[in-house]
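Notes for the one structure printed next.
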Number of protein chains: 2
Amino acid sequence: MHTQTISAPAAKVLDIPHALKAEPVDPFSAIARFSGVIATEFSYKKDEEIYGEGEPSEYLYQISRGAVRTYKLLSDGRRQIGAFHLPGDVFGLDPSPEHRLTAEAIVDTTVRLAPRRSIEKAAASNVHVARHLWTMTACDLRHAEDHMLLLGRKTAMERVATFLLEMDRRLAKTGMLALPMCRRDIGDYLGLTLETVSRALSQLNDQGILMFSSARQIALRNRQRLSAMEA
Amino acid sequence: MHTQTISAPAAKVLDIPHALKAEPVDPFSAIARFSGVIATEFSYKKDEEIYGEGEPSEYLYQISRGAVRTYKLLSDGRRQIGAFHLPGDVFGLDPSPEHRLTAEAIVDTTVRLAPRRSIEKAAASNVHVARHLWTMTACDLRHAEDHMLLLGRKTAMERVATFLLEMDRRLAKTGMLALPMCRRDIGDYLGLTLETVSRALSQLNDQGILMFSSARQIALRNRQRLSAMEA
DNA sequence: CGCAGCATTGACGAATGTCAAGTAGCGTGG
DNA sequence: CCACGCTACTTGACATTCGTCAATGCTGCG
């Protein structure tokens, strides 16, 4: 259980910030409000497990700060990362009683969490909550469908281009990508080895499509050419 | 629109068979009943498109007879089949207003269909319907997660073994697999070429793990050894 | 300042894709 | 009922992409 492994100070109770709720509607906040749930904040250290595949599904999580990977393993250790979760993202949602992927903090990470039971109870009487749950799961499904196309049919370079554009869309603030994950994580997300990822990035650098300020600080210099490469 | 392309006789109105509803609860029937929807039956010829990627999502489908593939295409024609749907399976569910994959009949196929609008309306007032929708989407998501692991990390032989066991589970009646799809479909599902699929099947045949009665009629002779190969 | 990961790069190998030829099965029409 | 032709399938030879193994370099943190 994650509450035992954490070394952070005692979890802090906090209000979902209502100032933000005018936006496209953050589904986590919406659900928490409808459920009358007070979300709890919680922190995990880099590489700490948040939940494991097969464990009972007890909470719904939203990232405040940090980043999370969710993955499946084969018996011999081969790993497929299904998704990276970034600040604002919700994860851990799962209508089945058990998690089907393992979740780990990629860097030191703080999440808000809401007990699954309260949410279920709210969904049983409130169709808005129920619809939000459906919508979030459907959003994960869309991502998975796109990712199956990538994994099954794209070349290494196309995968890396797609990855960069996805991250650019999701976390570019200053026109600069600050990747929280290492090359191995990227490889395990894209179905490649870390060496192949590194070679593709170097090639994009050589072509002037991106520039490294450090290995994980990347500036995209030509998004159009990158888009043309993602197939 | 599929109603224009169909050459079958006029759609026939029918009742959802209530005799079957004691079973593990068929979610399609459950939803139709809660929605007060009378499902319509409809037929498609082999290789006929049921809906296209990007088209408005107007119906929920359940297969009565036949088989359906849902897929995405890259611009140059590379195809990734996301799922095969067999009798009893529901497909076309999508909380977004547009389909994100194309659906085609693999063989001559009959479906029951329920208008999406009626279902949405029912879900807006009935939490049971809403939960069924969520559960079905979650079921698709689980399959997609498993399939990402296959596409990203399994070898050709492991993919084929996994495929055979999946089909065995889903459509083996007489201990014999009657595959409705061709080798190319299998390849596009597994992220392989049809030749690689064929070679893997031949190898399993040589090893005595399966037997062909014809190219698409396969008897599994040693499920245990096959399971050991799926990684 | 030095160590410990992380990343890059190179040489090579293996798995799978590509191209091509040949075969078998099946539906159609004579 | 048989012959034909089409399509799907199999098999082989070869090409290519990506993975593996190994050496080296970088860098960020203590």
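Quick look at the values:
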{"item": "Residues satisfying the stated conditions in the range A:124-158, i.e. closer than 21 Å to A:R199 by Cβ and either of a type outside the set (D, E, K, R) or open to solvent by less than 10 Å² (accessible area, probe 1.4 Å) (or both)", "result": "A:L150, A:L151, A:T155, A:A156, A:M157"}
{"item": "Extreme residue, farthest from the chain's Cα centre (by Cα), among residues of the range A:168-192 that are within 14 Å of another protein chain (Cβ to nearest Cβ) and at negative phi", "result": "A:L192"}
{"item": "Residue in the range A:143-163 that is away from DNA strand D (no atom under 13 Å from the Cβ), closer than 19 Å to A:G88 by Cα and in contact with a Ser or Thr (Cβ under 8 Å, 6 or more places away or on another chain) present", "result": "no"}
{"item": "Residue within the range A:170-178 that is more than 18 Å from B:R100 (Cα to Cα) and within 12 Å of DNA strand D (Cβ to nearest atom) present", "result": "yes"}
{"item": "Leading residue by the ranking (most open to solvent (accessible area, probe 1.4 Å)) among those in the range A:193-231 that are within 11 Å of DNA strand D (Cβ to nearest atom), within 14 Å of chain B (Cβ to nearest Cβ) and not hydrophobic (A, V, I, L, M, F, W, C)", "result": "A:T193"}
{"item": "Every pair of residues 6+ apart whose Cβ atoms lie under 7 Å, when the first sits in the range A:30-48 and is without any contact (Cβ under 8 Å) to a residue 60 or more places away in the chain while the second is part of a loop (DSSP other than H, G, I, E, B)", "result": "A:R33/A:I16"}
{"item": "Residue check for A:R69: crowded, with 22+ Cβ neighbours inside 10 Å, at negative phi and of a type in the set (D, E, K, R)", "result": "yes"}
{"item": "Filter result (open to solvent by 30 Å² or more (accessible area, probe 1.4 Å), at the interface with another protein chain (Cβ under 9 Å from one of its Cβ atoms) and in contact (Cβ under 8 Å) with a residue 12 or more places away in the chain) within the range B:72-106", "result": "B:L73, B:R79"}
{"item": "Residue list for the range B:127-151, restricted to those being free of Cβ contacts under 8 Å to residues at least 40 places away in the same chain and not charged (D, E, K, R)", "result": "B:V127, B:A130, B:W134, B:A138, B:C139, B:L141, B:M148, B:L149"}
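The values are calculated or read from the model by the stated rules, or taken from the named source; none is laboratory data. Computed from a predicted model, the values in this text were never measured in an experiment. Cβ: placed from backbone, ideal geometry, glycine included. Neighbour counts: every protein chain shown. The accessibility values were calculated without ligands, DNA or RNA, using every heavy atom of the protein model including side chains. Shrake-Rupley method; radii C 1.70, N 1.55, O 1.52, S 1.80 Å.
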